[in-house]
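This report refers to the structure that appears directly beneath it.
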């Protein structure tokens, strides 16, 4: 019986998760396209974009996490076919997402103003400021895209998001080619061109999300209910109560990685800022690419768990979470094996070899960073799976405390010790991640098992 249920869950999770994974890979490829093309244009622009994206991604996650508050509610309502309540929840969640998006933009403008105080390399500072100034307003667009994505995913329509993201990705690549290098008569804009390309792709994705809602037959019932749907105080408060813990948990996790960029931007005794930041950006893109597979399957777990939770199906909740972890580990083994095999070729994909000395320095650092990247995959997969299971049942308050402990008190101090105090540079800093991610995975799994036992089931 157990085996049959697991096999069934594998099929359901893959059906939901593969389109989400493709979409998440598409999101990553947008950033990767910027990295690839900027690296061919200028190593300094690559380093500047690496630092700026560390801040922007943190802001995006803050917004995305807040939008994810709708998943347990809409997912549970969908399992009960309560369409009127779904329409009301969608309207309320989008309203909340707009308000939160404006707040995040204000935070980023404050970060922009504080850039001169961060001790950044004088060559990189004007490039970072130029890039940020263009991209900050588009964070509000991303919030609305994330809100619509959560709605589609909860209704098991994960393929729509997949095609929308792929379209946005294509737009970003084409616009990068035109604007970074000045092809087909367009001005050569370098890092500014990369930023405008990203803005264009985000606008296109929002238009497509709205267009699908207005035109697709599947959403006829929700369009008809939209006018009568009410933004309620109760819904806003629930969204706020669930959204901020998820958003802050994601942000704290990423802050550990973003703190790396800030530390590397200052340079060290045996390593320079441009080389270290460029290597970190390459490693970050590779790691993010792997993580997108985890996110896709983890999101599928969250959706399935939310559906089961809506009808009180705790046995299904257990199967979904554990089956998700089995699939994530399988993916992790495959992807990290490929990274190890091609570790010496990775840098050449992202960075031009016009400056042989700088290229050799970046490549050597990237090769050494592969080892901590491999070591933290088990913990990263575990924390991705079980944190999404907990979000699916709306158990999010503890997540913030766990994240603060694992990343604020374990990862960051160890990364600072290995990378800065011991002068290990980017590689040393990355060796702090296996400890924090593994600790997070264990704590999230223990919390999930605790919830299972509260509802009369064994942990496994």
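So here's what we get for this one:
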{"read-out": "Extension gain (nm, one decimal) between residue 216 and residue 7, 0.36 nm per residue minus Cα-Cα", "value": "72.0 nm"}
{"read-out": "FRET efficiency, residue 315 to residue 355 (Cβ-Cβ, R0 45 Å, nearest 0.05)", "value": "0.15"}
{"read-out": "Neighbour-count order for 134, 334, 246, fewest beta carbons within 10 angstrom listed first", "value": "334, 134, 246"}
{"read-out": "Relative contact order (%) - criterion: Cα under 8 Å, at least six apart; region: the range 130-200", "value": "35"}
{"read-out": "With Cα atoms, 0 to 90° folded angle of helix 138-154 axis to the chain main axis", "value": "40"}
{"read-out": "Ranked 82, 304, 227, criterion: other C-beta atoms within 10 Å, fewest first", "value": "227, 82, 304"}
{"read-out": "Rg/Rh for the range 94-140, where both radii come from Cα atoms and Rh is the Kirkwood radius", "value": "1.09"}
{"read-out": "At 1.002 mPa s and 20 °C, Stokes D of the range 369-416 from Kirkwood alpha-carbon radius, µm² per second", "value": "178"}
{"read-out": "Range of Cα positions in the range 1-102 per principal axis (Å), largest first", "value": "55, 41, 17"}
{"read-out": "Burial order of peptide ranges 90-102, 119-131, 353-365 (average beta-carbon count within 10 Å, highest first)", "value": "90-102, 119-131, 353-365"}
{"read-out": "Semi-axis lengths (Å, descending) of the ellipsoid that matches the C-alpha gyration tensor of the range 55-155", "value": "35, 10, 9"}
{"read-out": "nm² value of the averaged projected area, convex hull over the Cα atoms of the range 72-222", "value": "10.7"}
{"read-out": "Value of relative contact order over the chain, rounded to a whole percent, pairs C-alpha under 8 Å and six or more apart", "value": "24"}
{"read-out": "Dimensions in Å of the range 112-166 - Rg and Dmax from alpha carbons", "value": "17.2, 49"}
{"read-out": "Mean Cβ neighbour count within 10 Å, used as a protection proxy, ranking 48-55, 36-43, 187-194 highest first", "value": "48-55, 36-43, 187-194"}
{"read-out": "Förster-model FRET efficiency, 22 Å R0, residue 398 and residue 103, C-beta, rounded to 0.05", "value": "0.35"}
{"read-out": "The chain: angle of helix 2-41 to the longest principal axis, Cα-based, in degrees nearest 10", "value": "30"}
{"read-out": "Contact order normalised by residue count of the range 166-264, Cα under 8 Å, 6+ apart, percent", "value": "18"}
{"read-out": "Whole-number D in µm² s⁻¹ for the chain, Kirkwood Cα-pair radius fed into Stokes-Einstein, 10 °C, 1.306 mPa s", "value": "71"}
{"read-out": "Between the range 331-387 and the range 413-453, the Cα center-to-center distance that results, in Å", "value": "17"}
{"read-out": "Order of 427, 156 - criterion: other Cβ atoms within 10 Å of each residue's Cβ, fewest first", "value": "156, 427"}
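Here, each number is a calculation from the coordinates, and none is a lab measurement. Model, not experiment: these values are computed from the prediction. All Cβ positions, even for glycine, are placed from backbone atoms using ideal geometry, and neighbour counts span all protein chains on display.
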